[in-house]
Amino acid sequence: MITTVTSALALQAQKLLQSDTLPLIEPAHPKFGADFAIPCFSYAREQQKSPAHIAEFLAGKLEHSALEKAEASGGFVNIWLTASVLAEAALAASTFRASDYRGKVVVAEYSDPNPFKVLHAGHLYTTIVGDVIASLVESAGATMHRINYGGDVGLHVGKTMWAVVHYLGGEYPEKLASVPEAERSIWLSQRYVEGSTAYEEDEQAKAQIIEMNKRVYALHADEDHDSAFAQLYWTGRQWSYDGFDTLYEQLAIQPFEAYWPESRMTPKGMAMVQEGLAAGVFEKSDGATVFKGEAHGLHTRVFINSEGIPTYEAKDLGLAATKWQEFHFDKNIIITGNDIVEYMKVVLKALSFKYPEIANRTAHLTHGMIKLPGGVKMSSRKGNGLLASDILEIATEASKKTVLGDNKATVLAAVKYAFLRQRIGGDIIFDPEESVSLEGNSGPYLQYAYARACGILRKISVINDVSITTLDEHERNLAGKIVVYPTVLRQATIELMPHHICTYLYELAQVFNRFYEKSRIVGESREAERAALVRAYAEVLKEGLTVLGIAAPEQI
């Protein structure tokens, strides 16, 4: 209902201004006590009048049966809706579902850990954020395909396999049985670190690793599953996949539709580069096949190296084309670290010569480093990286120091919310103490806020549906904040930015706290009306937490 009213007012304002631009109607600043506001600053040049003058004009002209009053303040038109309309919208806010992706096919690729390496904190971040973004888009009507893509071929695999063989004293797959099941992922990551160190410090080992890398590609080409080397490889890859699945189950995220390995994309990517070479998209340089990006304001990147081995770039071409061929998507969402922003621009530009629709429909979202307080930067290549398991462990330890203990649901809420409340793009500081606080902007705080509302409702024997026709100041403030939920949900969905929901839920809980301080509920003459508002608040809070993949327990 609120959307219908605000849309009608926006159209009316546009007509009054005789403008081609539809005005934005946004939640009003709390200091004005209004429900919504129309900023008029963007019309100043067009109307040749000051924003304040435009606001005065609109405030005196706007009319609607749901409009209680409109007042100009500076360059804004502040809007108050009637109590009955505001209350009705508040009671129904939790049922809102966006429809911006109705009938659309969307692919979301995130997490993307590499077999033969352990998941680091960046993977944890993209897994959590990607899960929420995919769920937002799916809830808005999309047919969603969640894809997980990782490098089961490449130099990092050659490094790990060299170290595995070196550690075992030869190609003896039977010796892998001595590695405890619970330690397999860490064991492989340790081998990766050893192989990386040898590659950098030992020329003989480096040459051996390069040859072993070629052997990995060859066993895929030959479909070799029987040789001793192949058994070591396939066992190690499965160990990695098992470790990923364990973490995903622990995080309680939506399952991936498919895990696509780089090895599957290699033939397609190689063929695309060869076709592009013949068509003049790529060219030869010192034995390698490259894309000269300078002509497009980008930089040159190698797609097939001088050894004839495809790089990540070539395999990403194959990945994009495979997505398109299988899904013919309307939108392709990719979430990665921001260290590959320029890389992706080159890949998408090269891709656009054959598949321009893919580049046009791709949204590449990126994030910075995951850091602990103090700004210590870590590198997984050197073995001292901040791992996904590290984040969960330090959050658990911080939680044990509080009344929460080591409750898994609250620890998970702490980690998820700490990541989600920060805008996607920059570095993320994960403060374990802050993440589990019950007195700040945290996941456990919002869980407690929901449980508190449930506790209030349990004290009321019967909560009937009511028709609210009047609202006092504190009731209006709460109802006004509740009705903003659909707007925030749509904004988060359209912008692919979950932090909007986090900010809103925290502000909503604060508004409720002020309401509860001033408004008695049980046994009061307005018990029914206030109980209905408390229930509406609790339902919206639960819906918001659910969207964020966070449990909403009725008791803590």
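The values are calculated or read from the model by the stated rules, or taken from the named source; none is laboratory data. Bear in mind that the values here come from a model prediction, so they are computed numbers and not experimental data. Neighbour counts run over all protein chains shown; Cβ positions are idealised from the backbone, glycine included.
Picking from Glu68, Glu138, which residue would you name as being out of contact with any Phe, Trp or Tyr (no Cβ under 7 Å at 6 or more places or on another chain) and either not polar (S, T, N, Q) or not in a helix (DSSP H, G or I) (or both)?
Numbers: Glu68 fails: out of contact with any Phe, Trp or Tyr (no Cβ under 7 Å at 6 or more places or on another chain).
Going through Glu68, Glu138 in turn, the sole match is Glu138.
Against the definition (touching a Phe, Trp or Tyr at 6+ places or on another chain (Cβ under 6 Å) and not acidic (Asp, Glu)), how does Gly75 come out, yes or no?
Values: touching a Phe, Trp or Tyr at 6+ places or on another chain (Cβ under 6 Å): yes; not acidic (Asp, Glu): yes.
Judged against the criteria, Gly75 is a match.
Which numbered condition trips up Pro115, out of (1) surrounded by fewer than 24 Cβ atoms within 10 Å (Cβ to Cβ); (2) assigned to a loop (DSSP other than H, G, I, E, B)?
It fails just one condition, (1).
For region 261-281, how many residues meet the condition of being more than 16 Å from His123 (Cβ to Cβ) and not in a helix (DSSP H, G or I)?
Taking region 261-281 and keeping what is more than 16 Å from His123 (Cβ to Cβ), we get 263-281.
Narrowing further to those that are not in a helix (DSSP H, G or I): 280-281.
Residues that pass the stated criteria total 2.
Could you say whether any residue in region 477-489 is part of a helix (DSSP H, G or I) and touching a His at 6+ places or on another chain (Cβ under 9 Å)? Show your work before the answer.
Taking region 477-489 as the starting set, the residues that turn out to be part of a helix (DSSP H, G or I) are 477-482, 485-489.
After this cut, where a residue has to be touching a His at 6+ places or on another chain (Cβ under 9 Å) as well, the list is 488-489.
Yes, region 477-489 contains at least one residue that is part of a helix (DSSP H, G or I) and touching a His at 6+ places or on another chain (Cβ under 9 Å).
Given the conditions (1) buried (at least 19 other Cβ atoms within 10 Å of the Cβ); (2) out of contact with any strand residue (DSSP E or B) (no Cβ under 6 Å at 6 or more places or on another chain), which single one is not true for Val522?
(1) is the only condition that Val522 fails.
If you go through region 60-104 one residue at a time, how many are closer than 15 Å to Arg476 by Cα and in contact with a Lys or Arg (Cβ under 6 Å, 6 or more places away or on another chain)?
Going through region 60-104 one residue at a time, the tally reaches 1.
Failed condition for Lys159, given (1) buried (at least 22 other Cβ atoms within 10 Å of the Cβ); (2) in contact with a strand residue (DSSP E or B) (Cβ under 8 Å, 6 or more places away or on another chain); (3) among the basic types (Lys, Arg), with all others met?
With respect to (1) buried (at least 22 other Cβ atoms within 10 Å of the Cβ); (2) in contact with a strand residue (DSSP E or B) (Cβ under 8 Å, 6 or more places away or on another chain); (3) among the basic types (Lys, Arg), Lys159 is out only on (2).
I'm told Met144 meets every condition in (1) among the aliphatic types (A, V, I, L, M); (2) touching a residue at least 24 places away in the same chain (Cβ under 8 Å); (3) over 25 Å from Cys502 (Cα atoms) except one. Can you identify the failing condition by its number?
(3)
Looking at region 210-218, is at least one residue surrounded by 21 or more Cβ atoms within 10 Å (Cβ to Cβ), more than 22 Å from Tyr149 (Cβ to Cβ) and without any contact (Cβ under 8 Å) to a residue 60 or more places away in the chain? Talk me through it step by step, then tell me what you get.
Step one: list which residues in region 210-218 are surrounded by 21 or more Cβ atoms within 10 Å (Cβ to Cβ), which gives 212-213, 216.
Narrowing the set further to residues that are more than 22 Å from Tyr149 (Cβ to Cβ) leaves 212.
Those left that are additionally without any contact (Cβ under 8 Å) to a residue 60 or more places away in the chain: 212.
Scanning region 210-218, I find at least one residue that is surrounded by 21 or more Cβ atoms within 10 Å (Cβ to Cβ), more than 22 Å from Tyr149 (Cβ to Cβ) and without any contact (Cβ under 8 Å) to a residue 60 or more places away in the chain, so the answer is yes.
For Glu171, only one of the following conditions fails: (1) acidic (Asp, Glu); (2) at pLDDT 95 or above; (3) over 21 Å from Ala207 (Cα atoms). What is its number?
All conditions are met except number (3).
Can you pull out every residue in region 230-266 that is surrounded by fewer than 16 Cβ atoms within 10 Å (Cβ to Cβ) and of a type in the set (A, V, I, L, M)?
Ala252, Ala258
Looking for whichever is touching a residue at least 24 places away in the same chain (Cβ under 8 Å), of a type in the set (Lys, Arg) and surrounded by fewer than 18 Cβ atoms within 10 Å (Cβ to Cβ) here; the options are Lys354, Lys400. Which one fits? Steps first, answer last, please.
Working: Lys400 fails: touching a residue at least 24 places away in the same chain (Cβ under 8 Å).
None of the other options fit; the residue is Lys354.
Would you check if Arg301 is under 24 Å from Pro498 (Cα atoms), touching a residue at least 12 places away in the same chain (Cβ under 8 Å) and of a type in the set (D, E, K, R)?
Working: under 24 Å from Pro498 (Cα atoms): no; touching a residue at least 12 places away in the same chain (Cβ under 8 Å): yes; of a type in the set (D, E, K, R): yes.
Criteria not met by Arg301.
Each row is one residue, and each column tells you yes or no for (1) closer than 17 Å to Leu81 by Cβ; (2) outside any helix (DSSP H, G or I); (3) assigned by TED's automatic domain parsing to the domain that holds Ile482.
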site: Leu11; (1), (2), (3): yes, no, no
site: Gln14; (1), (2), (3): no, no, no
site: Thr21; (1), (2), (3): no, yes, no
site: Ile54; (1), (2), (3): no, no, no
site: Gly60; (1), (2), (3): no, no, no
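Can you name the residue in region 297-314 that is among the hydroxyl-bearing types (Ser, Thr, Tyr) and within 17 Å of Leu348 (Cβ to Cβ) and is also surrounded by the fewest Cβ atoms within 10 Å (Cβ to Cβ) among such residues?
Pass one, region 297-314, residues among the hydroxyl-bearing types (Ser, Thr, Tyr): 300, 306, 311-312.
With within 17 Å of Leu348 (Cβ to Cβ) added as a condition, the list becomes 300, 311-312.
On the way: Thr300: 13, Thr311: 19, Tyr312: 19.
Within region 297-314, the match that is surrounded by the fewest Cβ atoms within 10 Å (Cβ to Cβ) is Thr300.
Identify, by number, the condition in (1) among the charged types (D, E, K, R); (2) part of a helix (DSSP H, G or I); (3) more than 21 Å from Pro113 (Cα to Cα) that Arg184 doesn't meet.
Single failed check for Arg184: (3).
If I ask for residues that are in a helix (DSSP H, G or I) and under 21 Å from Thr362 (Cβ atoms), which ones from region 75-112 would you list? Can you show your working first?
From region 75-112, those in a helix (DSSP H, G or I) are 83-95; that's our starting set.
None; the set is empty.
All but one of (1) assigned to a loop (DSSP other than H, G, I, E, B); (2) among the aliphatic types (A, V, I, L, M); (3) more than 28 Å from the chain's Cα centre (by Cα) hold for Ile253, so report the exception by its number.
(3)
Any chance you could count how many residues in region 1-40 are aromatic (Phe, Trp, Tyr) and modelled with pLDDT of 95 or more? Even if it seems obvious, please write down each step before you answer.
Narrowing region 1-40 to residues aromatic (Phe, Trp, Tyr): 32, 36.
Now restrict to residues that are modelled with pLDDT of 95 or more: none.
Looking only at that region, the number is 0.
I need the full set of residues from region 519-541 which are among the charged types (D, E, K, R) and closer than 12 Å to Tyr485 by Cα, in order please.
Initial filter on region 519-541 (among the charged types (D, E, K, R)): 520, 524, 526-527, 529-530, 535, 539.
Within region 519-541, Glu539 is the sole residue that qualifies.
Taking the residues in region 267-296 that are surrounded by fewer than 16 Cβ atoms within 10 Å (Cβ to Cβ) and among the small types (Gly, Ala, Ser) as candidates, determine which candidate is modelled with the lowest pLDDT.
Ala295
Hey, does region 285-295 have a residue that's touching a strand residue (DSSP E or B) at 6+ places or on another chain (Cβ under 8 Å), aliphatic (A, V, I, L, M) and over 24 Å from Lys323 (Cα atoms)?
yes
Yes/no per residue for (1) basic (Lys, Arg); (2) more than 26 Å from Ser461 (Cα to Cα); (3) not assigned by TED's automatic domain parsing to the domain that holds Ala66:
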residue: His474; (1), (2), (3): no, no, yes
residue: Ile482; (1), (2), (3): no, no, yes
residue: Thr487; (1), (2), (3): no, yes, yes
residue: Tyr506; (1), (2), (3): no, yes, yes
residue: Ala509; (1), (2), (3): no, no, yes
residue: Arg514; (1), (2), (3): yes, no, yes
residue: Lys518; (1), (2), (3): yes, no, yes
residue: Glu527; (1), (2), (3): no, no, yes
residue: Val540; (1), (2), (3): no, no, yes
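Just checking, does region 118-131 include any residue being modelled with pLDDT under 95 and either part of a loop (DSSP other than H, G, I, E, B) or among the aromatic types (Phe, Trp, Tyr) (or both)?
yes
Can you tell me which residue among Ala538, Ala528 is touching a residue at least 12 places away in the same chain (Cβ under 8 Å), more than 30 Å from Gly426 (Cβ to Cβ) and more than 34 Å from the chain's Cα centre (by Cα)?
Working: Ala538 fails: more than 34 Å from the chain's Cα centre (by Cα).
Being touching a residue at least 12 places away in the same chain (Cβ under 8 Å), more than 30 Å from Gly426 (Cβ to Cβ) and more than 34 Å from the chain's Cα centre (by Cα) holds for just one of Ala538, Ala528, which is Ala528.
Restricting attention to region 325-338, does a residue exist that is over 28 Å from Gly141 (Cα atoms), surrounded by 18 or more Cβ atoms within 10 Å (Cβ to Cβ) and in contact (Cβ under 8 Å) with a residue 24 or more places away in the chain? It would help to see each step written out before you state the result.
Initially, region 325-338 is screened for residues over 28 Å from Gly141 (Cα atoms), giving 338.
Then keep just the ones that are surrounded by 18 or more Cβ atoms within 10 Å (Cβ to Cβ); that gives none.
Taking every residue of region 325-338 in turn, none turns out to be over 28 Å from Gly141 (Cα atoms), surrounded by 18 or more Cβ atoms within 10 Å (Cβ to Cβ) and in contact (Cβ under 8 Å) with a residue 24 or more places away in the chain.
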